[in-house]
């Protein structure tokens, strides 16, 4: 397969990021893994989607550090690829990191939507991501899994909501040093989770909508017995999960992509034969 991964910035990727792990798993399985950013896309006069992309130089990698060193080094393959020729385009950039550059927030979604016209499997689906770009998307999930929520700019309504509820749940992630990020990879601590029947029930409840919206890889934040957030843009944690469960989830994700591409290819062949027979 030829796979494209869209990230916010190649220079800020780390060896522990899920995108890095996915790219290594793809390369080690014999696939191509091209890395690009929202600013690398172009729409040419021939109506094809292009992108300036990089590919690490080796055919095998055993660590994220060596992979990123090769990707950023002078021996990296740098090309202007035709995105429409990819088998898979994975949109792994986080629009919230580009709030100061509005055009970058939707660029990958828009170019990904164009690439779908020529049969590229784009994940997560750009039409689904366009709906999920604000926190209101979360409110479309069944009430059973969501906490009671108020969304407003009116302070009096907020005060009344808190008074009526008696208490409210909130948390604040604290950054480490000069790093503006507050995620696990930026200094947070992790611990192994115990998966309960309620957790699995929540997954089953939200699964139909996520599948219908074309979501391939998502992260669910569950606190107590409620779903607090659905991360559809740059879900991570595969490395952390692997450290506890001793399972290479990145390899599993690439295997799922292989099956999806095979299915889509066979579907297109059958559809083409039907058209020819009809003519």
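Does residue 50 qualify as being touching a strand residue (DSSP E or B) at 6+ places or on another chain (Cβ under 7 Å) and without any contact (Cβ under 8 Å) to a residue 40 or more places away in the chain? Show your work before the answer.
Values: touching a strand residue (DSSP E or B) at 6+ places or on another chain (Cβ under 7 Å): yes; without any contact (Cβ under 8 Å) to a residue 40 or more places away in the chain: yes.
Against the criterion (touching a strand residue (DSSP E or B) at 6+ places or on another chain (Cβ under 7 Å) and without any contact (Cβ under 8 Å) to a residue 40 or more places away in the chain), residue 50 qualifies.
Could you list, in sequence order, the residues of region 125-153 that are assigned to a loop (DSSP other than H, G, I, E, B) and touching a helix residue (DSSP H, G or I) at 6+ places or on another chain (Cβ under 9 Å)?
Residues of region 125-153 assigned to a loop (DSSP other than H, G, I, E, B): 125, 132-134, 141-142, 146-153.
Of everything in region 125-153, those that are assigned to a loop (DSSP other than H, G, I, E, B) and touching a helix residue (DSSP H, G or I) at 6+ places or on another chain (Cβ under 9 Å) turn out to be 125, 132, 133, 141, 142, 146, 148, 149, 150, 151, 152.
Residue by residue, here is whether (1) under 26 Å from residue 103 (Cβ atoms); (2) at pLDDT below 95; (3) in contact with a helix residue (DSSP H, G or I) (Cβ under 6 Å, 6 or more places away or on another chain); (4) surrounded by fewer than 16 Cβ atoms within 10 Å (Cβ to Cβ) holds:
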site	(1), (2), (3), (4)
46	yes, yes, no, yes
52	yes, no, yes, yes
59	no, no, no, yes
65	no, no, no, yes
79	yes, no, no, yes
82	yes, no, no, no
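Could you list, in sequence order, the residues of region 209-227 that are in contact with a helix residue (DSSP H, G or I) (Cβ under 8 Å, 6 or more places away or on another chain) and either at positive phi or assigned to a loop (DSSP other than H, G, I, E, B) (or both)?
Across region 209-227, the qualifying residues are 213, 214, 215, 216, 217, 218, 225.
Is there any pair linking a residue in region 88-114 that is at pLDDT below 95 to one that is surrounded by 18 or more Cβ atoms within 10 Å (Cβ to Cβ) and part of a loop (DSSP other than H, G, I, E, B), with Cβ under 7 Å and at least six apart or on different chains, and which?
If the second residue must be surrounded by 18 or more Cβ atoms within 10 Å (Cβ to Cβ) and part of a loop (DSSP other than H, G, I, E, B), the pairs left are 94/8; 94/233; 94/234; 95/233; 97/8; 98/8.
Scan region 157-171 and report the pairs whose first residue is part of a helix (DSSP H, G or I) and whose second residue is modelled with pLDDT of 85 or more and surrounded by 10 or more Cβ atoms within 10 Å (Cβ to Cβ), with Cβ atoms within less than 6 Å and a gap of 6+ or a chain change.
Pairs found: 161/150.
Which condition number in (1) surrounded by 14 or more Cβ atoms within 10 Å (Cβ to Cβ); (2) in a strand (DSSP E or B); (3) touching a helix residue (DSSP H, G or I) at 6+ places or on another chain (Cβ under 9 Å) is the one that residue 42 fails?
The single condition residue 42 does not satisfy is (1).
The values are calculated or read from the model by the stated rules, or taken from the named source; none is laboratory data. Quick caveat: nothing in here was measured; it's all calculated off a predicted structure. Neighbour counts run over all protein chains shown; Cβ positions are idealised from the backbone, glycine included.
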